[in-house]
Every structure is written in C-alpha cells, then in structure tokens.
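Undergrad: Below is one structure. I have some questions about it.
The values are calculated or read from the model by the stated rules, or taken from the named source; none is laboratory data. None of the values given here were measured: they were computed from a predicted structure. Ideal geometry is used to build each Cβ from the backbone, glycine not excepted, and the neighbour counts take in all protein chains shown.
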Amino acid sequence: MILLIYSRLLQWLSENNIQTLNANSNNNNNTNSSNPSAPRSPTNHAANIPLTPAQNPHKTTQVDEDIKKNSMKTADDVISRIEWDDRLDKRYFRVGYIDRFLGLQEKSFNDFDFKVDLSTISDRHSSILAIPKHRIQYFKYNNEIIWDKETRTDLMFGSTGNQQTIYDVIKRHENLMENNHTPS
C-alpha cells in the first residue's frame, strides 16, 4: 500500500514538474555538484533525461506564443455596448442563441430582456425572453454577423485582431443602402 502511494506521489511530482532529490545518486552523477545552489533543468525522474518542451508545461516556446489568440470580448460586452451606445439602433441587431429544446434560434435584440435576473423567472411559459449569456452564439447587424463565438469573429470591438468595428459595418451598410436607392 505504501509503495503504491509512493509511486503515485512520484508520478504526480513528475507530471507537475516538481523536482525531487534522488537518494541513490552520488555527487559524481549530479551535474550541478560544483554549484549546489544553481538551478537544475527539469528532468524525467524515471530515466533522469531532460524534458522536452512538449513535456514541460512551464516553458513556452516561440511557436506557443505565436499560437496564442487575442482575448475576445464577451457576449455580455456586446449586449452592454448595444444597450448603452446611443449611436447604435437596437432594431437592426439580432441574437443567435442555443435553445435547450429547439437548438439554434435567432431573435431580434429587442425581444430579449437582458436585465432580468434569470433566477426570478418561475413560469416556463412567461412572456419574458431571457437566456443565459453563455448560450449566445452570435450577433448580427442587418443580417451580417458581427460577433460569432465559434469563428471568433468580432466586428463589434475588433478585439480578435480585425481592424473593423461596428461603426465600419454601419457605414458599409449605409453606403450599400445609398447605392441601392440611387436611380441609375
């Protein structure tokens, strides 16, 4: 039983990259014997082999840094922006969300009551349309997706590296409307 606990402890220490002292090693095998206070490189304790970057979660490589994505604004941020920015007309926004029973649904932004506390709604057949914000999948402006959780599209704030914001989208739609209404 003690051997099992000890082996699990060693495995946990190894998985979490925590260094242990090997009681059977002598100073000849220790690469840092001339300087005991020098930091030791992480090793695989079973074979005393240095860990590769893939095995060592604490070291980041240049490739890992390039893969990291910009943090994306949340659905709550988008809702707040639509509600509080006077330059945005709520009538043109639509919300795509996951309904637990019906699947992906889309409704007008004005159909929702985002201010209501979901825990206070007791009647399933209430006329209040309120959903948990984590179920929101996308927002549209004039049928153009401006924020999408799955594809990491953010044309509302431009938080995912896209240089466009909601004002660029609105301007583009206004220009399209002007061009379509101009007699040829």
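Undergrad: Can you tell me which residue among LYS107, LYS73 is surrounded by 12 or more Cβ atoms within 10 Å (Cβ to Cβ), modelled with pLDDT of 70 or more and touching a Ser or Thr at 6+ places or on another chain (Cβ under 6 Å)?
TA: Values: LYS107 fails: touching a Ser or Thr at 6+ places or on another chain (Cβ under 6 Å).
Answer to the selection: LYS73.
Undergrad: Quick one: count up the residues across the stretch 130-184 that are more than 17 Å from LYS73 (Cβ to Cβ) and in a loop (DSSP other than H, G, I, E, B).
TA: 8
Undergrad: Does ILE82 qualify as being assigned to a strand (DSSP E or B), in contact (Cβ under 8 Å) with a residue 24 or more places away in the chain and assigned by TED's automatic domain parsing to the domain that holds GLN137? Give the steps one after another, and end with the answer.
TA: Details: assigned to a strand (DSSP E or B): no; in contact (Cβ under 8 Å) with a residue 24 or more places away in the chain: yes; assigned by TED's automatic domain parsing to the domain that holds GLN137: yes.
Taking the combined requirement at face value, the residue does not satisfy it.
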